[in-house]
Amino acid sequence: MSSLQPYAGKLERTWFYTYRTICAAIFVFLIAPIFVIFPLSFNELPYFTFTPEMLSLDPAGYSTKWYAEFFTEQSWRDAVANSFFIAIFATLMSTTVGTVAALGLSSPAMPFRSAVMAILISPMIVPLIISAAGMFFFYSRIGLASTHLGVILAHAALGTPFVVITVTATLVGFDHSLTRAAASLGSNPTRTFFKVIVPLILPGVISGALFAFITSFDEVVVVLFVGSVEQRTIPWKMFSGIREEIRPTILAVATLLVLISMLLLTMLELLRRRNERLRGLSPG
Amino acid sequence: MPSRLHNFLKRRKKTLAQTEAIDDGTMRTADGMPLKLALERALFRSRLRAVLLVLPLFAFLVITFVLPIFDMLFRSVEDQVIAEILPRTVVEIEAWDETSGVLPGEAVFEAIVKDMAEGKENKTLGKVARRLNYEISGMASLFRKSGRKAGKIEAPYKEQLLKIDKRWNNLELWKLIKREKGYFTASYFLAAADMEYKPDGGIGMRPENRQIYQHLFVRTLWLSGLITLLCLVLAYPVSYLLATLPLRSGNLLMILVLLPFWTSLLVRTTSWIALLQSQGVINSILVGIGIIDDDSRLQLIHNQFGTIVAMTHILLPFMILPLYSVMKTIPPSYMRAARSLGATPFTAFVRIYMPNTVAGAGAGGILVFILAIGYYITPALVGGRTGTLISNFIASFISGSTQNWGLAAALGMMLLAIVLVFYFLYDKIVGIDNMKLG
């Protein structure tokens, strides 16, 4: 199916092109909605739609004022600061405990491995609305609701499964004779950890950290429940913006967020290649 | 663990002492310990190390995540308001026989008047009024009205209270107070299952027109199932293409799947609003090429259609990725073998290729289904009235105008139970260890 053989019959030829068209249509469905917001974010008028001026490519129909609004308005700036602050600390927390736990989980000596794993992965599986509601109830009791710390802890909890999964996946191909070799050459466990283990699992750790970061950075349900206006993040602003008054500022923000996702995607791809190279696989 | 360690150390001391005394020919390590013991010790140590490494995350998640879930479970059955704010009444009402068909006596009325006066003073009366209003509508206004006058009511209390409001005549109210005076209640779960206490004290279904949540659960499951199916139908050809293309072009096309996967949920929902709204891109194109009139624009959003389209788009990568990784492992020679044995391309595909992809379709299907039944943001923004899911009701009972945390918690627990069943299935079919990302 990947390519058309020269001896293919008429029916096969027709099916081949039909199939390719179907796939192309699905790819358009996947990707077009993301790119449609790019031109719309440069709309001169406060609508979510293409104006006649825009369609006739009249420069007067376009403007960057929504970007200007995003960069100058205080509430958006606060949201950006909050988003980064919360995401960075949540990532640091979940990456540290997640990586350490993954080292333990990969050990063949770990008792009740699959049961423990099921619990550690559960924040990813339990619907966000339930996690958010439970955290709202519980954090209110212990005074963590409406605090930055509360939101950071909540996001760190949501991010840990990703770290655990990516780091254990890296450790699957880990050659344990390397640590024994280090030990036989006189290295103590700490030195072995930092000089041998860390460089090898680093791609997994970083991609887990990126997952944790994006989980926190995109997360809105938990912030809505556990946080208050003080902890307002970018997704929170977008959510309330869409509900209350729709302004193309949201589209401008969305465009910038897509650019950030592209950056993250590139980084992950580079990491994946490095990881496969280190493990002796051909880069795919 | 500590006792095991202790025993072990004791045993070790004994063995070392014995070593010097006798040599019974058992295999020993260089320092004279029996090999079996040394091995046991090494295993114990590595087990301990593994547990100690996992422990911080485990403790962290228990505090930040597991306890909140248990708190929610607790809230769904906890019911202290009535006992706390109407303390005298719950004591007095104990003696009343709810099957007698007559109102409680003067003592109970005196108790409730005093409780209301105190509640009014402590500003706690509103809580109990709201609690009772969950079960019988109108109770909030009854308590507010009577509470204002409670301080001035003199004996005979029963007569006076009935004069203020006839609704105190309602036997159901007194039955309710007697039934719910304990610290725990089943009424939230009953309400979440569209059930109620019948006048005879038994439990039964609510009248047809007041059954809300069953329909909602059915709608949530049905929409999630439909979205899962749509995702499977869309993901299958694309995954097949990605898996069979040469590595280079396959990876290039993979970006088209990964970019949406990495793009913020809100961005993608926003895009669908821009596309689907009545002045949006799709309607404008249809008007522009003359398929529909300007004044008969299609309602594509704020209904079920909007939810289905947007959620299918958002969840599609979760189906493509597992399908792709399974298809990648199917050797192309299988299909060639089938063809060479005389199968038509269609037969070869259906009989040979598809059965090999069942694992991937199952993994992706359960994953998408689990994610879909808990979705909140997208249905809240594009779902309107007919496209909202159970999550939206839970949210509105927590922070909306109709606050009822107990009911929200009960609905949440029922949703969680459904999700856990599928999580268990996922674990059995796919194994959590095999979950792959990106």
Next on the checklist: Yes or no: the stretch A:226-233 includes at least one residue that is within 24 Å of the chain's Cα centre (by Cα), at pLDDT 90 or above, of a type in the set (A, V, I, L, M, F, W, C) and closer than 30 Å to B:ILE377 by Cβ.
Outcome noted: yes
Checklist entry - Quick one: how many residues across the stretch B:183-218 are in a helix (DSSP H, G or I) and either over 30 Å from B:TYR134 (Cα atoms) or out of contact with any helix residue (DSSP H, G or I) (no Cβ under 8 Å at 6 or more places or on another chain) (or both)? => result 7
Item to check | Which numbered condition B:LEU171 misses (of (1) touching a residue at least 60 places away in the same chain (Cβ under 8 Å); (2) in contact with an Asp or Glu (Cβ under 9 Å, 6 or more places away or on another chain); (3) within 30 Å of B:LEU73 (Cα to Cα)) | outcome: (3)
Item to check | Count of residues meeting criterion [at the interface with chain B (Cβ under 7 Å from one of its Cβ atoms) and among the hydroxyl-bearing types (Ser, Thr, Tyr)] in the stretch A:140-159 | outcome: 0
Checklist outcome for this item: For helices (runs of 4 or more DSSP H) lying entirely in the stretch A:195-284, having 1 or more residues that are surrounded by fewer than 20 Cβ atoms within 10 Å (Cβ to Cβ) picks out A:198-218, A:234-243, A:248-278
Item to check | Residues of the stretch A:47-104 classified as touching a Leu at 6+ places or on another chain (Cβ under 6 Å) and not in a helix (DSSP H, G or I), total | outcome: 1
Checklist entry - Looking at A:SER94, is it among the polar types (S, T, N, Q), under 14 Å from B:VAL54 (Cα atoms) and within 7 Å of another protein chain (Cβ to nearest Cβ)? => result no
Next on the checklist: Taking the criterion of being among the aromatic types (Phe, Trp, Tyr), surrounded by 15 or more Cβ atoms within 10 Å (Cβ to Cβ), at the interface with chain B (Cβ under 9 Å from one of its Cβ atoms) and more than 25 Å from A:LEU158 (Cβ to Cβ), would at least one residue in the stretch A:34-43 satisfy it?
Outcome noted: no
Checklist outcome for this item: Exception for A:LEU202 within (1) over 30 Å from A:SER140 (Cβ atoms); (2) touching a residue at least 12 places away in the same chain (Cβ under 8 Å) falls at (2)
Next on the checklist: Among the residues that make up the stretch A:61-80, is at least one of them of a type in the set (Gly, Ala, Ser), at pLDDT 90 or above and surrounded by 13 or more Cβ atoms within 10 Å (Cβ to Cβ)?
Outcome noted: yes
Item to check | Single unsatisfied condition, A:PHE16 versus (1) assigned to a helix (DSSP H, G or I); (2) touching a helix residue (DSSP H, G or I) at 6+ places or on another chain (Cβ under 9 Å); (3) within 11 Å of another protein chain (Cβ to nearest Cβ); (4) not charged (D, E, K, R) | outcome: (2)
Checklist entry - Is it the case that A:PHE162 is assigned to a helix (DSSP H, G or I), touching a helix residue (DSSP H, G or I) at 6+ places or on another chain (Cβ under 6 Å), in contact (Cβ under 8 Å) with a residue 24 or more places away in the chain and at the interface with chain B (Cβ under 7 Å from one of its Cβ atoms)? => result yes
Checklist entry - Which residue pairs have Cβ atoms closer than 7 Å, lie 6 or more positions apart in sequence or on different chains, and pair a first residue in the stretch B:316-338 that is touching a residue at least 24 places away in the same chain (Cβ under 8 Å) and under 12 Å from B:CYS231 (Cα atoms) with a second residue that is surrounded by fewer than 23 Cβ atoms within 10 Å (Cβ to Cβ) and among the acidic types (Asp, Glu)? => result none
Next on the checklist: For the structure I just gave you, tell me whether A:VAL126 is crowded, with 21+ Cβ neighbours inside 10 Å, among the β-branched types (Val, Ile, Thr), at pLDDT below 95 and under 23 Å from the mean Cα position of the chain (by Cα).
Outcome noted: yes
Checklist entry - Among the residues of the stretch A:23-30, is there at least one that is touching a Ser or Thr at 6+ places or on another chain (Cβ under 9 Å), surrounded by 12 or more Cβ atoms within 10 Å (Cβ to Cβ), assigned to a helix (DSSP H, G or I) and modelled with pLDDT of 80 or more? => result yes
Next on the checklist: Tell me yes or no: at least one residue of the stretch A:203-214 is within 9 Å of chain B (Cβ to nearest Cβ) and under 30 Å from A:PRO46 (Cβ atoms).
Outcome noted: yes
Checklist entry - assigned by TED's automatic domain parsing to the domain that holds B:LEU381 and closer than 20 Å to B:ALA274 by Cβ, is that true of B:ILE314? => result yes
Checklist entry - Which helices (runs of 4 or more DSSP H) sit wholly inside the stretch B:355-438 and have at least 2 residues that are surrounded by fewer than 18 Cβ atoms within 10 Å (Cβ to Cβ) and more than 11 Å from chain A (Cβ to nearest Cβ)? => result B:358-373, B:405-429
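The values are calculated or read from the model by the stated rules, or taken from the named source; none is laboratory data. What you are looking at is a predicted structure, and each value in this text was computed from that prediction instead of being measured. So basically every Cβ, Gly included, is an ideal-geometry build from the backbone, and we count neighbours across all protein chains shown.
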